[in-house]
Amino acid sequence: MFRKIRAEDYRVESNVFTGTITFQGKLQLQDSKAYMPILEMLNELAEKDLPKITIDLRALELLNSSGINTLSKFLMQMERKNQTHVIVHGLREVTWQDRMLTNIKRVLPGFQLSLQ
């Protein structure tokens, strides 16, 4: 099953068969409520009890604080669940990705961080 959320500035796609969710563009939604459809996509993957979930942020240029909070909450939830291996891909050359993901990794060491 595939799900997509598209807007002018961004696209989020999930693939339940591969356990992958890919973010592209600039995500600057207004608040946590606006991120609910994306959180629902993440939770759908989590509910499948897949052995691995991959979150690919490499094509994401910008993520605001509400989006960072949404992603952090999901990673906390997955760490508590402790049944699914979570891999987050980011780019070291994208400063906010490097800083944000490294800081989250310090607090939540349970996910695998891949900075390229």
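Just so you know, all these numbers are worked out from the coordinates, no wet-lab data involved. These figures come from a predicted structure and were not determined experimentally. For neighbour counting, all protein chains shown are included, and Cβ atoms are generated from backbone atoms with ideal geometry for every residue, glycine included.
Using 0.36 nm per residue and subtracting the Cα-Cα separation, the extra length available between Ala7 and Asn43 on full extension is 10.9 nm. Labels on offer are (1) 1.97; (2) 0.97; (3) 1.20, and the one holding Cα Rg over 2.2 N^0.38 Å computed from this structure is (2).
For the stretch 49-116, taking Cα atoms only, Rg and Dmax work out to 11.4, 32 Å respectively. Close amide-amide hydrogen proximity is noted between Thr20 and Asn15, Thr54, each under 5 Å apart and 5 or more residues distant or on a separate chain (H modeled in the peptide plane; Pro and chain starts excluded). Within the chain, the whole DSSP H helices whose Cα atoms reach 20 Å or more along their own axis and whose mean Kyte-Doolittle score is at least -1.0 are 65-81.
If R0 is 30 Å, the Cβ-Cβ spacing of Arg80 and Thr102 corresponds to a FRET efficiency of close to 0.90.
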